[in-house]
Amino acid sequence: FTGMTSIGKTPRMKYLINYYSEVISPVIVAFDSPSNPYRTHILQLAAGNETLQHAISALSASNLRQRRETGALSTGKTDPARRSSMAHLSLTDTTWLPAEAQLTIQEQAREESFHKCFSIKSLNAQLADPLVRKDDSILATLLILCLFHICDSGVAKFKTQFAGVKKLLSLRGEDAGYESRRTKWFTRMFTWFDAMTATVNDREGELGQIGRAHV
C-alpha cells in the first residue's frame, strides 16, 4: 500500500498509523487482502485529515498498551492473524526502536488519552460545520473511535453515539452528491456495530432503516 505508511503529523504518529495498517487492520475483517477497506478507505482519508490520524493513533496506542499489560498475542490460526502477530513483534522489537519510542506503560496511557481527546474535540468542531460534516473523513473518524471504545471497554452501550450517527447519515442522505461507495461501506459497518451492540445490550437498533436506505 505504497505511501500510506508515511501518514502522520509526527514520527510517532507515523509509527502508530503504520501499526494500525500492519497489525490491526488485517484482523478486523473476515478476509484480509490489498483491498481491505479498513486499510484502503481509512488510510486514504487519513492522508489529508489530522483528526482521523489522531483517532487511529489512539486506537493503536490502546492496542499496544493492552497487549503490553496482558502479554496477549493472536492465536495465529489464520494467515492474517499470523501476519498481524509477526508485524506486532517486529514493530515492538526494542532492539531497533529509538529510545524516545520506548515508552513506559504510564506514558503509553497518556499518549492514548491525548490522541483520543484531540480527535474527539476536533471531530466535534467539524460536526458543527454543515459542509465539513458531510465529508467521508467524519464517518471514518467515528468508525475508528467506535473501534477504540469497543477495544478499550468491550461492547459498550453505544445508543447515544449511534443516534448521532443516524442523524449524520440522514443529513448526508439529503444530498445525493455525498453518496459514494465509501459512504455505503461506512453505513454497513455502523449498521453491523449497531446490531451487535443492540443485541448484547437488549435494545432496539438505531440504524436499521438508515442502513437499508444507503446499501
statement: Of the conditions (1) under 13 Å from the mean Cα position of the chain (by Cα); (2) crowded, with 20+ Cβ neighbours inside 10 Å, the single one that V29 does not satisfy is (2)
message: Looking at the stretch 179-192, can you tell me whether even one residue there is more than 18 Å from the chain's Cα centre (by Cα), over 18 Å from I56 (Cβ atoms) and at pLDDT below 65?
response: yes
message: Looking for something among the small types (G, A, S), in contact (Cβ under 8 Å) with a residue 60 or more places away in the chain and surrounded by 17 or more Cβ atoms within 10 Å (Cβ to Cβ) - is there at least one such residue anywhere in the stretch 89-106?
response: no
field: Where a residue in the stretch 112-126 is in contact (Cβ under 8 Å) with a residue 60 or more places away in the chain and on the phi < 0 side of the Ramachandran plot and its partner, wherever it lies, is open to solvent by 70 Å² or more (accessible area, probe 1.4 Å) and of a type in the set (A, V, I, L, M, F, W, C), with Cβ under 7 Å and at least six apart
entry: none
S74 being at pLDDT below 90, polar (S, T, N, Q) and surrounded by 14 or more Cβ atoms within 10 Å (Cβ to Cβ): yes
field: First in the stretch 26-45 and among the basic types (K, R), second anywhere and in a helix (DSSP H, G or I) and open to solvent by 20 Å² or more (accessible area, probe 1.4 Å), Cβ under 9 Å, 6 or more apart
entry: R39/M4
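In this structure, does R68 turn out to be of a type outside the set (S, T, Y), open to solvent by 40 Å² or more (accessible area, probe 1.4 Å), in a helix (DSSP H, G or I) and touching a residue at least 40 places away in the same chain (Cβ under 8 Å)? Can you show your working first?
Values: of a type outside the set (S, T, Y): yes; open to solvent by 40 Å² or more (accessible area, probe 1.4 Å): yes; in a helix (DSSP H, G or I): yes; touching a residue at least 40 places away in the same chain (Cβ under 8 Å): yes.
Yes: the conditions hold for R68.
Return yes or no: is C151 in contact (Cβ under 8 Å) with a residue 40 or more places away in the chain and surrounded by fewer than 16 Cβ atoms within 10 Å (Cβ to Cβ)?
Against the criterion (in contact (Cβ under 8 Å) with a residue 40 or more places away in the chain and surrounded by fewer than 16 Cβ atoms within 10 Å (Cβ to Cβ)), C151 qualifies.
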query: Only one of these conditions is not met by E204: (1) open to solvent by 70 Å² or more (accessible area, probe 1.4 Å); (2) touching a Gly at 6+ places or on another chain (Cβ under 9 Å); (3) at pLDDT below 85. Which number is it?
result: (2)
message: Looking at the stretch 49-64, can you tell me whether even one residue there is part of a helix (DSSP H, G or I), closer than 16 Å to C151 by Cβ and open to solvent by 20 Å² or more (accessible area, probe 1.4 Å)?
response: yes
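The values are calculated or read from the model by the stated rules, or taken from the named source; none is laboratory data. It should be emphasised that the depicted structure is a prediction, and the values quoted were computed from it without experimental measurement. Neighbour counts are summed over all protein chains in view; Cβ atoms, including those assigned to glycine, are modelled from backbone coordinates with ideal geometry. What goes into the accessible areas is simple: the full protein's heavy atoms, side chains included, and nothing from ligands, DNA or RNA. Shrake-Rupley method; radii C 1.70, N 1.55, O 1.52, S 1.80 Å.
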